[in-house]
């Protein structure tokens, strides 16, 4: 391995991480009522964090009636720039929540509790901190992607991919998203890429695999704590581990794979079982509305409330409501498997094709069952849009989809280093797809964020396509020079 070239690609990855941070800062440089309006879930989490940070100190005499108003005032008073997530404000300004059970039940509460830990580490309440929590996981992941790609002799692909991520308007908007903790899902997906590069396209050693599995498992545990859906990214990590197993010492292969899998999956599973998280059956029932045309499922809490009231349950987020929704979903699937199979197939095609984004802008909903899906897509700029300075450029979805097609063709027909790059890229891309398809296909495409995250695999494919093309050109140049006689 050429250490100088590795250092160069690592610097490129650092530059991409800085570009992503700058783009997020630019996106957050707007009035707080636009980036984090009152009522968004981040203020529930913020209130929990304030309560936990202060302990028993009551916020009844706070200067402002809501944490949103307090944060807006303190940001203006202290002239906090969007990227100054470490700066603290006047603790007395924030009321917090009156009790930890004041927020709505059956939701992910890890973001608020993790935010409280960060407040303690800083010794104060930092109004900008909530928006930079997921980016603090994602930015190191970009640098790690560049480093692993360089070590595996895919520095060009790594540099192009991290640059594409840093310029992706979707990534820029979702990582600091205030509506929900979806940024932690994207951060977990980004962690999958360097793991897959090392395990499936690099030269994994026993020690290297175990150390990386331990670090990634801990990070995934934190991400699951904040966003339960991250748990369904685990198949991608396990696919890459399965590929790595073929190159491990045969005598210890089973032990090493099992130990790595335990380090990867242990923390996320422990967090889910011990700490709880987002409800399941409300999401599954509503999620069927993305393609259900006959059984009345709608991507809408109001529709779910009407359904549980038919069973004599008034509170949607009660255990009784969960039981009613669970029974309705299972009954529908058991009674009509073909209907459910058709929904799964349509979800897969819609996710792989990103049909919602064909044409300019977003294709609007056409059926009542889709409910609020357009609203979810509208919370962030779409994945086919890229940031270039102060401008955004929309790339046609068919052009993005051409990346995987070309990569597959190169993996079959290219020669030499070009084929090696294409094969490595194809394996990593398939691991990325294995990690990102579970949520939109098994749960719903209606959540938008997880559905669009699948398209990051197309950016990865294009990065390896370009690297393979560069390698083929260099090989032709070297061949032509060798035919010239002195």
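The values are calculated or read from the model by the stated rules, or taken from the named source; none is laboratory data. Predicted model, so just to flag it, every value in this text is computed and none were measured. FYI the Cβ positions are ideal-geometry reconstructions off the backbone, even for glycines, and counts take in every protein chain you see.
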>> Regarding segment 239-252, can at least one residue be identified that is closer than 25 Å to residue 447 by Cβ and in a helix (DSSP H, G or I)?
In response: yes
>> I'm checking my understanding of the structure. Among residues of segment 91-109 that are in a loop (DSSP other than H, G, I, E, B) and surrounded by fewer than 16 Cβ atoms within 10 Å (Cβ to Cβ), which one is modelled with the highest pLDDT?
In response: 98
> Residues 172, 257, 239, 243: which one is touching a residue at least 12 places away in the same chain (Cβ under 8 Å) and within 16 Å of the chain's Cα centre (by Cα)?
Replying inline: 172
>> Within segment 374-426, take every residue that is free of Cβ contacts under 8 Å to residues at least 24 places away in the same chain and in contact with a helix residue (DSSP H, G or I) (Cβ under 7 Å, 6 or more places away or on another chain) and give me the one that is surrounded by the most Cβ atoms within 10 Å (Cβ to Cβ).
In response: 411
> Under the condition of being touching a helix residue (DSSP H, G or I) at 6+ places or on another chain (Cβ under 7 Å) and part of a helix (DSSP H, G or I), which residue from segment 308-324 is nearest to residue 280 (Cα to Cα)?
Replying inline: 322
>> Looking at segment 183-231 only, could you name the residues that are closer than 17 Å to residue 433 by Cα and either under 13 Å from the mean Cα position of the chain (by Cα) or outside the structural domain of residue 457 (by TED's automatic domain parsing) (or both)?
In response: 185, 186, 187, 188, 189, 190, 191, 192, 193, 229, 230, 231
> Is at least one residue of segment 277-289 over 24 Å from the mean Cα position of the chain (by Cα) and either part of a loop (DSSP other than H, G, I, E, B) or not assigned by TED's automatic domain parsing to the domain that holds residue 232 (or both)?
Replying inline: no
